[in-house]
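Following: one structure in structure tokens, then a few remarks.
The values are calculated or read from the model by the stated rules, or taken from the named source; none is laboratory data. Worth saying up front: this structure is predicted, and the values here are computed from it rather than measured. Neighbour counts run over all protein chains shown; Cβ positions are idealised from the backbone, glycine included.
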Amino acid sequence: MNCKKCYSPSTVILRKKDYYCDNCFMLITNHKFRACLGKNKVLIPYENVMIGLSGGVGSTVLLDLVHHATSLENTKKLRISPFCLHLYDDDSRELAESIIKQCQTYKIDVFVVHQAVYINSKYELPEANTLQKICESERRDFKDLMNSMPPSAANDFLLKIKRILLVEFAKKINCSVVFTAETTNTLAVNLLTNLAIGRGSQVQYDVGFCDNRDDKVKIIRPIKDISIEELNYYVSIKQLTPVNYNHIKSKSLQSVISSFVSELQDNFQATISTVCKTADKIGDQRESINSEKCLICESDLDMKNMKMSAFEATNVSRIVSLKDSQADPTYQETSDILHHMQNNTNTSVFPLINKYLCYGCSRNHSEMNLHKLPNQLQKALRTNNLGI
Ligand SMILES: [Zn+2]
Ligand SMILES: [Zn+2]
């Protein structure tokens, strides 16, 4: 078969039916990346951009795409100054070192930050291209915190921690934009997980093109339209070496959903793209100005403008059933009950919900060893909780 663009012999077959040669395939993939950035208009020329690297296939391709686009000498040159950031932990020191080498081949600086800095919330920028050193007590507290939670909650919480670290370190190097390299596969898993753990209202932030929960730093996903099949071809054509593979904790909701999605994809080629297209439709992303935000994940806590969630519905039943059997005239309308819930959060199983934490983070909060949380966060939650 011949390439459908230039009719030379084909080397790439996508979705079992589209034939391309290496050249045309690379042109199309580069174009997809640029079109995704262009269409969404979030970049200002000469902006500092931080690229969050995991070392996986998506991350390896994203780094190469950025390098290619910024090295062009024509009008198509991508005018940004890239910096890289990698978050490592004790079990992945070798990986971190491989990522430093990966970045050196592109002559781009990488800041390698230990995830445990979350514990002290002192986000000091380490020296570029070296592993950040960290004190023993922070390292231990972080491990204890993560180990105190069941695997599904720990996976979810770790994603929130990584998001906070990306945003905070971006601010340190004056980047108002962060690129992350989630592939459509990761996003499909994240979407289904979000729905399962009660983060339905945050789908657009977690799975869409742009996460603008922070006022100063936007996280964008410029390769979200490139499939894993295309990424694998890209890696093999350019002979790149991804240094990291899956890191989801096994025996968790996320790992079950991940194997469910990839097994389905093997037999039904449209699975992942259908899931991702659905995500674009169900999201309702607003510029959230002045609304209260969750202290852990920065999602809106704007209960008044939200339709009633399953959690609120359960709470309404709970409040009504706790009342005397005689009808209480105070609660004639559902809105009265919602009002009551907002003012009396202690009637809820999660006392901090909707005031300081979203539903998903409240669940994690109820499952973790609270004494290990960062002091600043403990203090905020405690001070705020005194009024209850
Ligand atoms: Zn061709
Ligand atoms: Zn939250």
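Just checking, does the stretch 136-146 include any residue being touching a Phe, Trp or Tyr at 6+ places or on another chain (Cβ under 9 Å), among the aromatic types (Phe, Trp, Tyr), farther than 19 Å from residue 48 by Cβ and modelled with pLDDT under 95?
Within the stretch 136-146 (the criterion being touching a Phe, Trp or Tyr at 6+ places or on another chain (Cβ under 9 Å), among the aromatic types (Phe, Trp, Tyr), farther than 19 Å from residue 48 by Cβ and modelled with pLDDT under 95), the answer is yes, since at least one residue qualifies.
I need every pair where a residue in the stretch 157-169 that is over 13 Å from residue 111 (Cα atoms) has its Cβ under 9 Å from the Cβ of a residue that is modelled with pLDDT of 95 or more and assigned to a helix (DSSP H, G or I), sequence separation at least 6 or different chains.
Hits for this filter: zero, empty list.
Does any residue in the stretch 198-209 that is within 13 Å of ligand 2 (Cβ to nearest atom) come within less than 6 Å, Cβ to Cβ, of a residue that is in a loop (DSSP other than H, G, I, E, B) six or more places away or on a different chain, and which pairs are these?
Hits for this filter: 202/299; 205/213.
Just wondering, is there one or more residues in the stretch 3-17 that are touching a Lys or Arg at 6+ places or on another chain (Cβ under 9 Å), within 16 Å of ligand 1 (Cβ to nearest atom) and either in the same structural domain as residue 223 (by TED's automatic domain parsing) or not charged (D, E, K, R) (or both)?
yes
Give the stretch 37-89 a look and list any residue that's assigned to a loop (DSSP other than H, G, I, E, B), farther than 30 Å from residue 142 by Cβ and under 22 Å from the mean Cα position of the chain (by Cα), or say none.
Within the stretch 37-89, the first condition is being assigned to a loop (DSSP other than H, G, I, E, B), and the residues that meet it are 41-46, 53-56, 72-79, 89.
Imposing the further condition that a residue be farther than 30 Å from residue 142 by Cβ reduces the set to 41-46, 72-79.
If the condition is that a residue be assigned to a loop (DSSP other than H, G, I, E, B), farther than 30 Å from residue 142 by Cβ and under 22 Å from the mean Cα position of the chain (by Cα), then 41, 42, 43 are the ones that fit.
Counting only residues that are within 16 Å of ligand 1 (Cβ to nearest atom), give me the helices (runs of 4 or more DSSP H) lying completely in the stretch 172-254 with at least 3 of them. Before you say what the answer is, go through the steps one by one.
Numbers: elements: 184-196, 203-207, 228-237.
Qualifying helices (runs of 4 or more DSSP H): 228-237.
Take the residues in the stretch 121-133 that are touching a helix residue (DSSP H, G or I) at 6+ places or on another chain (Cβ under 6 Å) and of a type in the set (S, T, N, Q), then tell me which one is nearest to residue 98 (Cα to Cα).
So the residue we want is 129.
Would the stretch 259-273 turn up any residue that is under 17 Å from the mean Cα position of the chain (by Cα) and touching a residue at least 24 places away in the same chain (Cβ under 8 Å)? Talk me through it step by step, then tell me what you get.
To start, the set of residues in the stretch 259-273 that are under 17 Å from the mean Cα position of the chain (by Cα) comprises none.
Scanning the stretch 259-273 turns up no residue that is under 17 Å from the mean Cα position of the chain (by Cα) and touching a residue at least 24 places away in the same chain (Cβ under 8 Å).
Identify, from the list 43, 53, the residue that is hydrophobic (A, V, I, L, M, F, W, C) and either in contact with a His (Cβ under 8 Å, 6 or more places away or on another chain) or within 16 Å of ligand 2 (Cβ to nearest atom) (or both). Outline the logic, then answer.
Working: 43 fails: either in contact with a His (Cβ under 8 Å, 6 or more places away or on another chain) or within 16 Å of ligand 2 (Cβ to nearest atom) (or both).
53 is the lone residue from the list that is hydrophobic (A, V, I, L, M, F, W, C) and either in contact with a His (Cβ under 8 Å, 6 or more places away or on another chain) or within 16 Å of ligand 2 (Cβ to nearest atom) (or both).
Within the stretch 139-150, track down each residue that is assigned to a helix (DSSP H, G or I) and either touching an Asp or Glu at 6+ places or on another chain (Cβ under 9 Å) or surrounded by 17 or more Cβ atoms within 10 Å (Cβ to Cβ) (or both).
Across the stretch 139-150, the qualifying residues are 139, 141, 142, 143, 145, 146.
Given the conditions (1) more than 19 Å from residue 242 (Cβ to Cβ); (2) at pLDDT 90 or above; (3) in contact with a helix residue (DSSP H, G or I) (Cβ under 8 Å, 6 or more places away or on another chain), report the number of the one that residue 84 does not fulfil.
(1)
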